[in-house]
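Below is one structure, written out as structure tokens; comments come after it.
The values are calculated or read from the model by the stated rules, or taken from the named source; none is laboratory data. Every value quoted in this text rests on a predicted model; they were computed, and no experiment measured them. Using ideal geometry, Cβ is built from the backbone for each residue, glycine included, and neighbour counts are taken over all protein chains shown.
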Amino acid sequence: MTQLAEKLKRGIAVSGPISLAEYMHICMADPQFGYYKNQTAIGAKGDFITAPEISQMFGELIGIWCLDIWQKLGAPKQFCLAELGPGKGTLMNDLIRAAKIIPEFISAANIFMVETSELMQTAQKEALQDTNLNITWISEVSDLPNMPTIVIANEFLDVLPIHQYVRSGNKWSERGVSIDKDNNLHDVLLAAILEEALLPNGYKDEPEGSVFETSPAREAIIEIISHKISDHTGAALFIDYGHATSGFGDTFQALRSHGFADPLAEPGLADLTSHVDFEKLAICAARLNIKPRISTQAEFLLAMGLIERAGSLGQNGGVQFQTQIQEAVERLASDSQMGSLFKVLCLNSDGIEPSGV
Ligand code: SAH
């Protein structure tokens, strides 16, 4: 039993069951025992591996995407380059190295890292110290400056809390977390009910026990970024695992040491995430007059030149290095690995046509 489990149970005993969204938020962000306060999370020794950690090519191609957007925006003399949830800082480091081919881009960039975890901020500062660039760390997306803005977010949306609603009879009741008679954390249904208007088409045919997920926290981020790029011009790239069409199903998951774990078993020690409903987020952006485009990670990376980059990177290396690059291409872009499970949501202000999507 973790220290956070004890703390959660004390809270539930006093104030009653909590929603899944509250549970996720506490598990990830509790100031004493939250996952991102204490865990190294990403990498071979952590709980999961992300695309920037698989290969430098990922961040480099995103760097080229940013350069192209900046040029299409008319090469503004000052702009904001923001990364949300930057993990170990690897993506930004690779992005900057690739983008240095146009020094004016680098000198125009006001770089912002949006990160809530102090542990992660420290890792990012270390990763980026050799760039000798002036980089600002903030913890809230709403604190980004008012200027043309280019936003990158890889595996950021999936960590934001979700609500789950379970079909029971003709109602969709919210799932929560309570304590059972043996004082263990367990699933319960709460009194809150989801309005039918918020369910996707076909909900009447869903069987008893079917699950529907919502994430107001993700929608809030999309709305803030959409306002920013509609008011000040710009573009954003959200890359994550999820579905391009809204649907039903329980995608809440816990990851620990590269394997799936029971999300209620070790709160604070496992990474809690869920799949992103990209259609819902695209609708949020479109409501604010932003044009959303959804593609797969494979489509995006291949259109941005993954194969060509792999070829030039491997050119002067030995066979072992070339094999590593080949494996990285497979991992990032093949359908059996990340290629089609991961989607890219691109948002952009009027008048520009982003590449790769
Ligand atoms: N983008 C990185 C890391 C993904 S893990 C990569 O691809 O490797 C999620 C990251 O989001 C971590 O850095 C975590 O500390 C950060 N994070 C979690 N919740 C956040 C929030 N509400 N605001 C900003 N960053 C957050």
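Looking at the stretch 243-263, can you tell me whether even one residue there is charged (D, E, K, R), over 30 Å from ILE42 (Cα atoms) and modelled with pLDDT of 95 or more?
If we filter the stretch 243-263 for residues that are charged (D, E, K, R), which is where we start, we get 250, 256, 262.
Those still in the list that are over 30 Å from ILE42 (Cα atoms) too: none.
No, every residue in the stretch 243-263 fails to be charged (D, E, K, R), over 30 Å from ILE42 (Cα atoms) and modelled with pLDDT of 95 or more.
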Inset, instruction - Could you tell me whether ASP47 is among the acidic types (Asp, Glu) and more than 14 Å from the ligand (Cβ to nearest atom)? - result: no
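Could you please let me know if ALA235 is modelled with pLDDT of 95 or more and in contact with a Phe, Trp or Tyr (Cβ under 6 Å, 6 or more places away or on another chain)?
Numbers: modelled with pLDDT of 95 or more: yes; in contact with a Phe, Trp or Tyr (Cβ under 6 Å, 6 or more places away or on another chain): no.
So ALA235 does not fit the description; no.
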Legend entry - Residues (farther than 21 Å from PRO17 by Cβ and assigned to a loop (DSSP other than H, G, I, E, B)) located in the stretch 196-209: LEU199, PRO200, ASN201, GLY202, GLU206, PRO207, GLU208
Inset, instruction - Scan the stretch 50-58 and give yes if some residue there is of a type in the set (A, V, I, L, M, F, W, C), away from the ligand (no atom under 13 Å from the Cβ) and crowded, with 18+ Cβ neighbours inside 10 Å, otherwise no. - result: yes
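Which residue, of LYS100, LYS7, LYS37, is of a type outside the set (Asp, Glu) and within 25 Å of ILE352 (Cα to Cα)?
Values: LYS7 fails: within 25 Å of ILE352 (Cα to Cα); LYS37 fails: within 25 Å of ILE352 (Cα to Cα).
One residue alone meets the criteria, LYS100.
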Inset, instruction - Could you grab me the full set of residues in the stretch 140-185 that are over 25 Å from ASP277 (Cα atoms), surrounded by fewer than 19 Cβ atoms within 10 Å (Cβ to Cβ) and not acidic (Asp, Glu)? - result: PRO145, ASN146, MET147, SER178, ILE179, LYS181, ASN183, ASN184
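For the stretch 237-314, which fully contained helices (runs of 4 or more DSSP H) count at least 3 residues that are free of Cβ contacts under 8 Å to residues at least 12 places away in the same chain and surrounded by fewer than 18 Cβ atoms within 10 Å (Cβ to Cβ)? Explain how you work it out, then say what you get.
Values: elements: 278-287, 297-303, 306-314.
Filter on the stretch 237-314 gives 278-287, 306-314.
Against the condition basic (Lys, Arg), touching a residue at least 12 places away in the same chain (Cβ under 8 Å) and either more than 16 Å from the ligand (Cβ to nearest atom) or over 26 Å from ALA254 (Cβ atoms) (or both), how does LYS204 come out, does it pass?
On the way: basic (Lys, Arg): yes; touching a residue at least 12 places away in the same chain (Cβ under 8 Å): no; either more than 16 Å from the ligand (Cβ to nearest atom) or over 26 Å from ALA254 (Cβ atoms) (or both): yes.
No, not satisfied.
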Legend entry - Scope the stretch 183-195; condition assigned to a loop (DSSP other than H, G, I, E, B) and touching a strand residue (DSSP E or B) at 6+ places or on another chain (Cβ under 7 Å); matching residues: LEU194
Inset, instruction - Look at LYS77 and say whether it is within 16 Å of the ligand (Cβ to nearest atom) and touching a residue at least 24 places away in the same chain (Cβ under 8 Å). - result: no
